[in-house]
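See structure below.
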Amino acid sequence: MNGSAYTHTRSSLHHHFPVFSVNMAASMASQAAARGLRTATSKRFLLDKRKGTCSTPRRWLNLQEYQSKKLMQESGVAVQRFYVADTASEALEAAKRLNAKEIVLKAQILAGGRGKGVFDSGLKGGVHLTKDPAVVGELANKMLGFNLTTKQTPKDGVKVKTVMVAEALDISRETYFAILMDRACNGPVMVGSPQGGVDIEEVAASSPELIFKEVIDILDGVQDEQALRMAANLGFKGPLQRQAADQIKRLYDLFLKVDATQVEVNPLGETPEGQVVCFDAKINFDDNAEFRQKAVFAMDDMTESDPTETEAAKWDLKYIGLDGNIACFVNGAGLAMATCDIIDLHGGKPANFLDLGGGVKERQVYEAFKLLTADPKVEAILVNIFGGIVNCAIIANGITKACRELELKVPLVVRLEGTNVHEAKRILTESGLPITPAENLDDAAKKAVAAIRK
């Protein structure tokens with residue numbers, strides 16, 4: 001994705017890089033690893049958990065685990081043998097076809113924490129290991145069609161429609177490897193660590209000497225000596241070093257092939273039989289490349305997306321629902337985060353994160369207000385606009401139109417600054433609408449919080 005691409009993990013909000021992932025999981029790790037080596041590779045804005053009760057890693061493009069593995073497989077990357085099943089009988093047949101010593105059955109949902117989740121069928125755990133194919137069928141029967149609740153799903157859980165039946169492999173050693181776009185290097189970099197299977201941010205903080213980085217020349221690609229050096233740094237020895245280097249080059253081929261902004265493998269493991277296997281991966285895609293990645297984007301799974309976020313995306317609005325009662329209407333992710341923070345500072349709770357972006361149109365303003373007012377928790381709306389690219393007059397016209405047509409019934413506090421601000425203030429003043437003006441962000445937050453307490 002480009003620099004304005006947007007993502008969030010639900011106890012964190014990120015702007016500038018992604019993320020819109022395959023939910024093999026959130027990809028905070030590789031960003032942090034690169035950051036530990038050389039300044040931030042992507043800017044991250046963290047919401048304190050008390051402000052938002054969100055936790056599911058989500059990206060604009062959401063792929064299930066099996067879809068990501070399929071993309072890797074198609075690029076020659078070594079993954080476990082697997083099948084996908086939509087019924088218990090299909091799962092049983094898949095387990096028989098695998099003819100593996102041990103089988104892992106995994107419910108396919110985008111939320112993390114599946115292993116400790118609970119189904120409304122009574123089954124505990126969305127990930128199970130067994131040596132008996134018949135058990136796979138029995139377990140799938142208690143997964144498919146039932147809701148799985150984890151710490152990252154809505155309270156009612158998510159209905160499981162698909163399961164992945166895969167060969168379970170032993171891992172004798174786990175490493176971490178990622179390829180990501182690094183602004184500091186103006187291109188892709190490889191980041192790796194011999195300590196995989198754990199939170200790479202912790203490794204970067206406690207043992208930065210175990211984080212290795214290789215800058216990739218965008219014209220020459222990954223050179224053999226680079227791949228071998230990274231494999232050695234990851235701790236692969238003898239024939240495994242060459243095998244790991246080959247996997248590294250294949251992962252870079254995948255990175256280019258699907259227009260990724262990040263491919264993260266954790267763990268990149270070594271088996272007792274002497275295989276190098278990518279056991280789990282996260283892939284972030286460049287949303288600007290959708291026009292030439294139609295097959296990839298066609299796999300997008302929107303069934304678990306929040307309906308409001310999905311509707312917001314139609315209007316190019318970056319929206320995340322939170323658990324407060326003061327709606328935020330802001331341009332720019334950084335300013336939106338600051339607005340959430342200052343509302344909290346003055347004793348309020350933000351109801352959402354909403355970034356209008358730069359080239360705002362009047363219709364977007366109207367649709368944004370429509371989304372905000374549809375939230376029953378909202379008791380006040382705070383508009384905070386700093387017009388650089390944004391024309392404040394367009395915002396003002398959109399606000400007045402929305403207030404009239406939607407018959408706004410909650411207090412509205414507006415702070416405008418920047419391009420065409422005098423005209424914008426005139427529009428609001430002459431509208432005759434009950435709009436509370438604010439001089440600055442601090443004043444706006446105080447007035448919004450006070451409006452609720454009245």
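The values are calculated or read from the model by the stated rules, or taken from the named source; none is laboratory data. Worth saying up front: this structure is predicted, and the values here are computed from it rather than measured. Note that each Cβ is placed from the backbone with ideal geometry, even for glycine, and that neighbours are counted across all protein chains shown. What goes into the accessible areas is simple: the full protein's heavy atoms, side chains included, and nothing from ligands, DNA or RNA. Shrake-Rupley method; radii C 1.70, N 1.55, O 1.52, S 1.80 Å.
Structural remarks
- Charge dipole of segment 58-204 about the Cα centre (unit charges at C-beta), most positive-ward option of Gly196, Gly117, Ala78: Gly117
- The modelled label-to-label distance for the pair Asn288/Val215, using points 7 Å beyond Cα in the direction of Cβ, is 2.1 nm.
- For the chain, a crude dipole built from +1 on the beta carbon of Lys and Arg and -1 on the beta carbon of Asp and Glu, taken about the Cα centre, is about 780 debye to the nearest 20.
- Carbon + sulfur, % of accessible area of segment 89-151 - ligands and nucleic acids excluded, 1.4 Å: 50 percent
- Of Lys101/Lys282; Lys349/Lys454; Lys159/Lys377, those spanning more than 22 Å from alpha-carbon to alpha-carbon: Lys101/Lys282; Lys159/Lys377
- Descending Cα extents along the principal axes, segment 234-351, whole Å: 60, 35, 24
- Carbon/sulfur fraction of accessible area - segment 157-253, other protein chains in place, 1.4 Å, %: 48 percent
- With every protein chain in place, segment 335-454: carbon and sulfur % of accessible area (1.4 Å): 54 percent
- R0 of 41 Å, Cβ-Cβ distance Leu256-Glu311: FRET efficiency to nearest 0.05: 0.80
- In the distance distribution for segment 327-382, Cα-Cα pairs more than 15 Å apart total 46 percent.
- Accessible area (Å², per residue) of the chain, counting only protein heavy atoms and a probe of 1.4 Å: 42 Å²
- For segment 106-170, the Cα gyration tensor yields ellipsoid semi-axes of 19, 13, 9 Å (square root of five times each eigenvalue, largest first, whole Å).
- Antiparallel beta bridges, as assigned by DSSP with both residues in segment 316-454, represent about 20 percent of the total such bridges.
- Residue-averaged [θ]222 nm for the chain, counting only DSSP H segments that reach four residues, each worth -39500 (n - 2.57): -10000 deg cm²/dmol
- In plain terms, the chain from Ala450 to Lys377 could stretch by 24.6 nm, reckoned as 0.36 nm per residue minus the Cα-Cα distance.
- Separation of alpha-carbon centers, segment 295-343 and segment 176-207, rounded to whole Å: 27 Å
- Relative contact order computed over segment 390-454 (Cα-Cα under 8 Å; 6+ residues apart), in percent: 40 percent
- Size descriptor, Kirkwood hydrodynamic radius, that averages inverse alpha-carbon separations across segment 50-189, Å: 16.5 Å
- For segment 215-310, applying the loop criterion from DSSP together with a ceiling of 16 other beta carbons within 10 Å to the GluC sites (Glu not before Pro) yields Glu273.
- Exposure ranking of Val160, Val79 by accessible area [1.4 Å probe, largest first]: Val79, Val160
- Phe297 paired with Lys401, simple spin-label distance in nm, labels 7 Å along Cα-to-beta-carbon: 2.6 nm
- Annotation for segment 264-288 versus segment 354-423: alpha-carbon center distance of 43 Å.
- Stretch gain in nm, segment Glu417-Ala184, where the contour uses 0.36 nm per residue and the Cα spacing is subtracted: 80.8 nm
- Label zone at Lys131, where the point sits 7 Å out along the Cα-to-Cβ direction: segment 80-111 residues whose backbone N lies under 15 Å: 99-104
- For Tyr176, residues with placed amide H under 5 Å, excluding near neighbours: Ser193, Gln195, Gly196, Leu268
- For the chain, the antiparallel share of DSSP beta bridges with both residues in that region comes to about 75%.
- Extent along principal axes [Cα atoms of the chain; Å; largest to smallest]: 76, 51, 40
- Kyte-Doolittle mean at least 0.5 and Cα axial length at least 24 Å: DSSP H helices in the chain: none
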